[in-house]
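Notes follow the structure.
The values are calculated or read from the model by the stated rules, or taken from the named source; none is laboratory data. All figures in this text were calculated on a predicted structure; none of them were measured in a lab. All Cβ positions, even for glycine, are placed from backbone atoms using ideal geometry, and neighbour counts span all protein chains on display. Just so you know, the surface numbers come from the protein's heavy atoms only, side chains and all, with ligands and any DNA or RNA stripped out. Shrake-Rupley method; radii C 1.70, N 1.55, O 1.52, S 1.80 Å.
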Amino acid sequence: AGDAAARRRAFRAYAALALAREVGATLMFVSMMAFFARVADPTFGGTYMTLLNTVANLGAKWPPSLALYGVDALSAAGVAAPVRLELAASTALGVAWLFLCAPAVRRLQDTPPQRWRPTTSGRPVASP
């Protein structure tokens, strides 16, 4: 009976984490789309927004593949706990990226929408 109760608790914890991940992913998606809509040039319609979304998707899809490759490579090298090692390394890399790149991200965030628009000879392209 104790084993079944532990499995139920583990399942509930997993379900709660999966739900939290989905909520976070949805919030990120909505905020990215709002940002893209804010900076997209109306002259190009949805094309510019599609380009921004494509680049964002490409940037979001390669890390899981790299992580799985890393676990496999660490396992093949005989590392006893490859997932834990990769988790620690990824966390350290993420924290370092946050501190090193936060100023640049803030500058990009504070850039007025007009500066994101394509230009011709240094002048913004006329909007319809």
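The table that follows gives values for the structure above.
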{"quantity": "Qualifying residue in the stretch 9-16 (condition: within 29 Å of Pro112 (Cα to Cα) and open to solvent by 60 Å² or more (accessible area, probe 1.4 Å))", "calculated": "no"}
{"quantity": "Residue within the stretch 33-52 that is assigned to a helix (DSSP H, G or I), surrounded by 10 or more Cβ atoms within 10 Å (Cβ to Cβ), within 12 Å of the chain's Cα centre (by Cα) and not hydroxyl-bearing (Ser, Thr, Tyr) present", "calculated": "no"}
{"quantity": "First in the stretch 50-74 and farther than 27 Å from Val30 by Cα, second anywhere and of a type outside the set (S, T, N, Q), Cβ under 7 Å, 6 or more apart", "calculated": "Gly70/Glu86; Val71/Pro82; Val71/Val83; Val71/Glu86; Leu74/Pro82; Leu74/Leu85; Leu74/Glu86"}
